[in-house]
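K.L.:
Submitted below is the structure of interest, expressed as structure tokens.
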Amino acid sequence: MTSAKEKVFTAGHLDNVNAAHPHMDDPRFLTITNQSNNCILRFTVFTRCARELGEEDTRCKYQYYRAQCTCPESQLEDWMEHRARGSCHLDVLPDRSTVHVKQ
């Protein structure tokens, strides 16, 4: 868990976020107790990035790192297996393409 010194450090300012607390930079998910929504969001962003740029892109690797910070490893492994089979229910964000949009 976090020590009293860390609580004082992170409670004061959102600007104090560093690599030791990567989950704290999103004001929607400031509570550390339940990170399931943050976990799902981070993995969904990773799947969109991987679909558009490929899993080996640096930006996608960073998104996967963010998912690793908030998700249990067993859950990530399950979702990655589903992605490999093409049946991942979290691969839902649309592409950024505007070809289908009426102008």
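The values are calculated or read from the model by the stated rules, or taken from the named source; none is laboratory data. In this text, all values refer to a predicted model and were calculated from it rather than measured experimentally. Cβ atoms come from the backbone with ideal geometry, glycine included; neighbour counts cover every protein chain shown. Please note that ligands, DNA and RNA were not included when accessible areas were found on the heavy atoms of the full protein model with its side chains. Shrake-Rupley method; radii C 1.70, N 1.55, O 1.52, S 1.80 Å.
K.L.:
List, please: which pairs have Cβ atoms under 8 Å, are six or more places apart or on different chains, and start with a residue in the range 63-84 that is on the phi < 0 side of the Ramachandran plot and end with one that is in a helix (DSSP H, G or I) and open to solvent by 70 Å² or more (accessible area, probe 1.4 Å)?
P.N.:
From the range 63-84, the pairs are L76/Q68.
K.L.:
Next up: Against the condition open to solvent by less than 80 Å² (accessible area, probe 1.4 Å) and either without any contact (Cβ under 8 Å) to a residue 12 or more places away in the chain or within 17 Å of N37 (Cα to Cα) (or both), how does C60 come out, does it pass? Show your work before the answer.
P.N.:
Working: open to solvent by less than 80 Å² (accessible area, probe 1.4 Å): yes; either without any contact (Cβ under 8 Å) to a residue 12 or more places away in the chain or within 17 Å of N37 (Cα to Cα) (or both): no.
So C60 fails the test.
K.L.:
Could I ask something else about it? Examine the range 64-71 for a residue that is modelled with pLDDT of 90 or more and more than 16 Å from S36 (Cβ to Cβ), and state whether such a residue exists.
P.N.:
Yes, some residue in the range 64-71 is modelled with pLDDT of 90 or more and more than 16 Å from S36 (Cβ to Cβ).
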